[in-house]
Amino acid sequence: MMFQRTAMIAGNWKMNPRHSDAEALVKTIAQGIEGLEGVDVLVAPPFTHLALVREAIGSARIFLGGQNMHWEMSGAFTGEISGRMLQEATCTHVILGHSERRILFNETSETVDLKVRAATFLGLIPIVCVGETLEEREAGQTFEVIRAQLDASFHNFKADQLMRPSTILAYEPVWAIGTGRTATPAQAQEVHRFIREWIENTFNTGTAAQVRILYGGSVKPENIADLMSEPDIDGALVGGASLKGDSFVQIIRYGKA
Ligand code: PGA
């Protein structure tokens, strides 16, 4: 039996926008999704904007997420934020292992694994990112790279033989992020299918049927409908286009005009 997964459209704001522009952005999104059902909407602002964004969300159905966290609860970790602090700032989700963190800040699947474990322990829903570089794709290593990232980023889940069905994954080919070069729906579907099969083989069919797998990399209003028509694409993690309220709302309302 097919399991109906609720679509999720998540905005990864990265190190944007100015604090003074965040409120208007959230208000545009809130207004744009009023009365809309059947899709989960999330924004992941910079840490310093969390309180303002929570206030601006008000009663709108928008989830709040962090863009990263440390795996310890507290301690001498200058410059870091713990999962508990994210929760105190009313976050329900946290993006982990984004390729910018992996590549620019030397984050490894081993530390992603520690973070996934800490987030899950706290009840924060991790959105775990995986994806290959252009070099790896051209060398025919896409599946190998994704499998290695999955194995190492969910090491702890594997040891326990348990992945919570609420866990969210994001396939973000590095070559498609911020480049305007989107993976074709077929290219994305192929990897999403591979990830779902990995979940099925590593855990079980029920979990594989429930876990949402988002696509990320130059998602915009023009390409969201085609991507979402693929059976294993359950939503999108949107960078650039999530900073413009109108574009983000159009993405969320894809196919609902
Ligand atoms: P992009 O970023 O939509 O600007 O390509 C996506 C992401 O990095 O999550």
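The values are calculated or read from the model by the stated rules, or taken from the named source; none is laboratory data. From a predicted model like this one, the values you see are computed outputs, not experimental measurements. We place every Cβ from the backbone using ideal geometry, glycine too, and count neighbours over all the protein chains shown. The protein model used for the area step is the full one, side chains on, heavy atoms only, and it has no ligands, DNA or RNA in it. Shrake-Rupley method; radii C 1.70, N 1.55, O 1.52, S 1.80 Å.
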Meets criteria (loosely packed, with under 15 Cβ neighbours inside 10 Å and more than 16 Å from the ligand (Cβ to nearest atom)) for Asp232: no
Candidate set from the stretch 168-203 (those that are open to solvent by 20 Å² or more (accessible area, probe 1.4 Å) and among the small types (Gly, Ala, Ser)); member that is nearest to the ligand (Cβ to nearest atom): Gly178
Hey, Gly206 exposed (fewer than 15 other Cβ atoms within 10 Å of the Cβ), assigned to a loop (DSSP other than H, G, I, E, B) and either away from the ligand (no atom under 16 Å from the Cβ) or at negative phi (or both) or not: no
Verdict on Thr142 being open to solvent by 60 Å² or more (accessible area, probe 1.4 Å) and either more than 15 Å from the ligand (Cβ to nearest atom) or polar (S, T, N, Q) (or both): no
Check on Ala241, within 26 Å of Glu34 (Cα to Cα), in a strand (DSSP E or B), of a type outside the set (S, T, N, Q) and within 12 Å of the ligand (Cβ to nearest atom): no
Boolean, His93 is more than 24 Å from Asp234 (Cβ to Cβ), of a type outside the set (Ser, Thr, Tyr) and touching a strand residue (DSSP E or B) at 6+ places or on another chain (Cβ under 6 Å): no
Test: Ala225 is away from the ligand (no atom under 15 Å from the Cβ), touching a Lys or Arg at 6+ places or on another chain (Cβ under 9 Å) and free of Cβ contacts under 8 Å to residues at least 40 places away in the same chain: no
